[in-house]
Amino acid sequence: MQKGVEICKGELGFTVSRSFLEADKARNLRTWLAQNTRIREILDFRDAYVFKNVGINTAIIRTTKSLAVKQAKFRRWKNKELPLGYDSATLKRSGAFDEISVPTQELSGEIWSFGN
(Lines give C-alpha, C1' and ligand atoms only; values in the text may rest on other atoms or scores of the structure.)
Protein backbone atom coordinates (compact mmCIF):
# COMPACT_ATOMS: atom_id res chain seq x y z
CA MET A 1 0.00 0.00 0.00
CA GLN A 2 2.79 2.40 0.86
CA LYS A 3 4.42 2.16 -2.56
CA GLY A 4 1.07 2.60 -4.28
CA VAL A 5 0.34 5.73 -2.26
CA GLU A 6 3.82 7.10 -2.98
CA ILE A 7 3.51 6.80 -6.76
CA CYS A 8 -0.21 7.57 -7.11
CA LYS A 9 -1.17 11.12 -8.00
CA GLY A 10 -4.90 10.75 -7.28
CA GLU A 11 -7.21 7.90 -6.34
CA LEU A 12 -6.04 4.46 -5.29
CA GLY A 13 -7.97 1.30 -4.48
CA PHE A 14 -6.97 -2.07 -3.06
CA THR A 15 -8.80 -5.32 -2.51
CA VAL A 16 -7.28 -6.71 0.68
CA SER A 17 -7.89 -8.99 3.62
CA ARG A 18 -10.28 -7.22 5.98
CA SER A 19 -8.12 -8.20 8.96
CA PHE A 20 -6.26 -4.86 8.81
CA LEU A 21 -9.46 -3.15 10.00
CA GLU A 22 -9.43 -4.79 13.42
CA ALA A 23 -6.20 -6.72 13.98
CA ASP A 24 -3.86 -5.43 16.66
CA LYS A 25 -0.91 -6.34 14.44
CA ALA A 26 -2.21 -3.85 11.83
CA ARG A 27 -2.18 -0.83 14.16
CA ASN A 28 0.89 0.63 12.39
CA LEU A 29 -0.77 0.21 8.99
CA ARG A 30 -3.96 1.97 10.11
CA THR A 31 -1.88 4.77 11.65
CA TRP A 32 0.16 5.16 8.46
CA LEU A 33 -2.95 5.20 6.26
CA ALA A 34 -4.67 7.76 8.49
CA GLN A 35 -1.62 10.03 8.43
CA ASN A 36 -0.62 9.70 4.78
CA THR A 37 -3.88 9.36 2.87
CA ARG A 38 -7.49 10.37 3.01
CA ILE A 39 -9.69 7.32 3.27
CA ARG A 40 -12.49 7.85 0.79
CA GLU A 41 -14.32 4.55 1.29
CA ILE A 42 -14.02 1.09 2.78
CA LEU A 43 -16.29 -1.75 1.68
CA ASP A 44 -16.18 -4.42 4.37
CA PHE A 45 -17.57 -7.77 3.26
CA ARG A 46 -17.23 -9.30 6.77
CA ASP A 47 -18.15 -13.01 6.50
CA ALA A 48 -19.16 -12.97 2.82
CA TYR A 49 -16.35 -14.44 0.75
CA VAL A 50 -15.64 -12.40 -2.38
CA PHE A 51 -13.10 -15.03 -3.46
CA LYS A 52 -14.60 -18.32 -2.26
CA ASN A 53 -11.64 -20.50 -3.26
CA VAL A 54 -9.21 -18.36 -1.27
CA GLY A 55 -11.15 -18.27 1.99
CA ILE A 56 -10.08 -14.76 2.99
CA ASN A 57 -12.52 -12.21 4.32
CA THR A 58 -12.26 -9.22 2.03
CA ALA A 59 -12.40 -5.45 2.14
CA ILE A 60 -11.94 -2.86 -0.57
CA ILE A 61 -10.19 0.34 0.49
CA ARG A 62 -10.25 3.49 -1.63
CA THR A 63 -7.87 6.30 -0.76
CA THR A 64 -7.02 9.69 -2.17
CA LYS A 65 -4.51 12.44 -1.61
CA SER A 66 -7.21 15.08 -1.98
CA LEU A 67 -7.45 17.26 1.11
CA ALA A 68 -11.02 18.05 0.10
CA VAL A 69 -12.12 14.64 1.40
CA LYS A 70 -13.33 15.24 4.95
CA GLN A 71 -15.46 12.11 5.52
CA ALA A 72 -14.56 8.44 5.16
CA LYS A 73 -17.45 6.16 4.19
CA PHE A 74 -17.47 2.76 5.85
CA ARG A 75 -19.85 0.27 4.25
CA ARG A 76 -20.43 -3.16 5.76
CA TRP A 77 -22.12 -5.91 3.73
CA LYS A 78 -25.27 -6.96 5.59
CA ASN A 79 -25.56 -10.62 4.58
CA LYS A 80 -23.50 -13.72 5.32
CA GLU A 81 -22.99 -14.42 1.62
CA LEU A 82 -22.83 -12.62 -1.69
CA PRO A 83 -25.58 -13.66 -4.13
CA LEU A 84 -24.64 -15.96 -6.99
CA GLY A 85 -23.58 -14.05 -10.07
CA TYR A 86 -23.25 -10.75 -8.21
CA ASP A 87 -21.96 -7.73 -10.08
CA SER A 88 -21.36 -4.05 -9.42
CA ALA A 89 -25.11 -3.34 -9.68
CA THR A 90 -25.72 -5.79 -6.82
CA LEU A 91 -23.15 -4.00 -4.70
CA LYS A 92 -24.68 -0.61 -5.50
CA ARG A 93 -28.20 -1.77 -4.61
CA SER A 94 -29.73 0.39 -1.93
CA GLY A 95 -29.73 -1.33 1.44
CA ALA A 96 -27.06 -3.93 0.63
CA PHE A 97 -24.60 -2.29 3.05
CA ASP A 98 -24.83 -0.64 6.42
CA GLU A 99 -23.13 2.70 5.97
CA ILE A 100 -21.59 5.27 8.25
CA SER A 101 -19.44 8.32 7.58
CA VAL A 102 -16.55 9.14 9.89
CA PRO A 103 -14.55 12.39 9.83
CA THR A 104 -11.13 11.57 8.37
CA GLN A 105 -9.35 13.41 11.20
CA GLU A 106 -10.85 10.91 13.68
CA LEU A 107 -9.08 7.96 12.04
CA SER A 108 -6.01 6.68 13.86
CA GLY A 109 -4.27 3.42 14.59
CA GLU A 110 -7.19 2.28 16.71
CA ILE A 111 -9.55 -0.42 15.37
CA TRP A 112 -11.60 0.67 12.37
CA SER A 113 -14.91 -1.00 13.20
CA PHE A 114 -17.84 1.31 12.65
CA GLY A 115 -21.57 0.86 12.42
CA ASN A 116 -24.31 -0.56 14.53
Quick one: with all protein chains in place, what share of the accessible area of region 1-74 is carbon or sulfur, to the nearest percent (1.4 Å probe)?
52 percent
Taking the chain as the reference, fit the longest principal axis to its C-alpha atoms, fit the long axis of helix 27-36 to the helix C-alpha atoms, and give the angle between the two in degrees, 0 to 90, nearest 10.
60 degrees
What are the chymotrypsin sites (Phe, Trp or Tyr not before Pro) within region 33-71 that DSSP puts in a loop, where the Cβ has at most 16 other Cβ atoms within 10 Å?
Y49, F51
If the label point is 7 Å along Cα→Cβ of K78, which residues in region 32-69 have backbone nitrogen under 16 Å from it?
44-48
Accessible area (Å², per residue) of the chain, counting only protein heavy atoms and a probe of 1.4 Å
62 Å²
Estimated 222 nm signal from helices in the chain, with DSSP H stretches of n ≥ 4 weighted -39500 (n - 2.57), rounded to 500
-4500 deg cm²/dmol
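The values are calculated or read from the model by the stated rules, or taken from the named source; none is laboratory data. Values in this document were obtained by computation on a predicted structure and should not be read as measured data. FYI the Cβ positions are ideal-geometry reconstructions off the backbone, even for glycines, and counts take in every protein chain you see. All accessible areas refer to the heavy atoms of the entire protein, side chains included, with ligands and DNA or RNA removed. Shrake-Rupley method; radii C 1.70, N 1.55, O 1.52, S 1.80 Å.
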